[in-house]
Amino acid sequence: MATFVLVPGAWLGAWAWKETTRALRELGHTALPLTLTGMAEHADRGGPGTDLDTHIADITGFVERNDLRDVTLVAHSYAAAPVTGAAGRLGDRLGRVIYVDSAPFAAGMRMLDLMPPQAADELCHQVSASGQGWRLPMPPFEVLGLSSSLDGLDAGRLDELRTHATPQPFGTYTQRLAEAAELGPGVDRVLIACHDFTGLLDAGVPMLAFLNQPPWRRFDLPTGHWPMLSAPTELAGVLDSAVS
């Protein structure tokens, strides 16, 4: 049985993994959802200095404080950035990394680099205009859906997402990853591709080509970008298959 540390994407906390966590535990696994600094129940711990390094430290600190071994780190969406950073610091505590509708970051990358320059500039303006100056609110669904598939989220799930979402500390988007993980040959590498990613991978996007080759193993899950909300039990089944 595996030990999963489940790291949520932007605007989310451990709450988003609730049903997937329960399903994994019913399958006999240890499932530990993590809330990062500045998010959800840890919103009051954040501040203008909360950045990517903060979230990397959250993940490594969680694993080390709990003396976890042979850990499977699961990164959803934005969490690919801090998980990539943490993976390189965990040494022999790390057994596997799983990227859910996301991919590992290269050294020097930041979240804003994944967007067209105009869109990145608009986000910076949005944060400045918000009056807080350091937090990025979740966009309206009609905007969010332009870049991330909302497939599988009914009205109830959308309401849950909107109600529980926390503005994201913007330093996590602007800070570049200082050092990417150099994973040892014994670390398993897994990609779970939902609708957003399957199209990119099947189209043969050059920068993602390595994800279709060993040592990477790919599993497809036909749902939108938030599978822990749109298909939580199915996601748990794929995670179980990935470690079996």
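Here, each number is a calculation from the coordinates, and none is a lab measurement. Keep in mind it's a predicted model, so treat the numbers as computed, not measured. Glycine gets a Cβ as well: all are built from the backbone with ideal geometry, and neighbour counts include every protein chain shown.
A few remarks follow.
- Springs join every pair of Cα atoms under 10 Å in this Gaussian network model of the chain, and among Gly156, Gly133, Gly145 the largest mean-square fluctuation is at Gly156.
- The chain: most fluctuating residue of Trp134, Trp216, Trp15 per GNM, C-alpha cutoff 10 Å: Trp216
- Cα point-scatterer Debye curve for segment 79-199, base-10 log of I(q)/I(0) at q = 0.15 Å⁻¹: -0.86
- Most fluctuating residue given options Pro139, Pro82, Pro232, as computed from a GNM of the chain linking Cα atoms under 10 Å: Pro139
- Principal axis dimensions, segment 3-243 - Cα atoms, whole angstrom, descending: 46, 37, 35
- Förster radius 35 Å - calculated FRET efficiency between Asn66 and Asp188 (Cβ-Cβ, nearest 0.05): 0.95
- Extension gain from Thr30 to Glu160, taking 0.36 nm per residue of separation minus the Cα-Cα distance: 44.3 nm
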